[in-house]
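Colleague: For reference, the structure I am asking about is given below.
Quick note: the coordinates plus some simple rules give every number you see, no bench work behind them. It should be emphasised that the depicted structure is a prediction, and the values quoted were computed from it without experimental measurement. Glycine also receives a Cβ, built like all others from the backbone with ideal geometry; neighbour counts cover every protein chain displayed.
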Amino acid sequence: MGAVGSVIDIVTILTWCVGCAEVGDLTVAEQARGRGISRQLMEATEEHAKRRGILQLGLEVTATNPNQNVARTRYSHLGYQECGLGSFTSGYTYWDNDGNAHRDEETHIYLVKNL
């Protein structure tokens, strides 16, 4: 879902990972930050998950992100805690226009919340 002018952009992927549903990507444009939008989006996502019978949500926080401490603090205030995996590498493969495969990987920390 997105908003006019890309002020808000969120992609939520509910898949089963580490025994829980996972929140994929949540992004709020820089000019829209500080208004409680990410909190509202997470709360709405949690309510949606609860209605579907999901008991636990998880998400990855990129350890190399310069704002990762801010993200971890915000998720902590929402009740998310490290699940005990420690740091791990996660990534994805993509293909360029010439068909060459590229791998993008970063170090993450996994947080979970019981709903």
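Colleague: Place a +1 charge on the Cβ of each Lys and Arg in the range 4-114 and a -1 charge on the Cβ of each Asp and Glu, then give the dipole magnitude about the Cα centre in debye, rounded to the nearest 20. Don't skip to the end; give the middle numbers.
Modeller: On the way: 10 positive and 14 negative charges, 126 e Å.
The calculation lands at about 600 debye.
Colleague: Hey, what did the range 4-114 get for relative contact order, percent, Cα under 8 Å, at least 6 apart?
Modeller: This gives 24 percent for the range 4-114.
Colleague: To continue, here is another question. Give me the net charge of TYR110's neighbourhood, meaning all other residues with Cβ under 14 Å from the Cβ of TYR110; Lys, Arg count +1, Asp, Glu -1.
Modeller: On the way: positive: ARG72, LYS113; negative: GLU22, GLU60, GLU82, GLU106.
Here the count lands on -2.
Colleague: What does the charge add up to near ASN67, with Lys and Arg as +1, Asp and Glu as -1, over the other residues with Cβ less than 12 Å from its Cβ? Let's see the in-between values first.
Modeller: On the way: positive: ARG33, ARG72, ARG74; negative: GLU30.
Value of the local net charge: +2.
Colleague: Then there's this: Give me the mean projected area, in nm² to one decimal, of the convex hull enclosing the Cα positions of the range 4-114. Let's see the in-between values first.
Modeller: Values: hull surface 34.0 nm².
The orientation-averaged projected area of the Cα hull of the range 4-114 comes to 8.5 nm².
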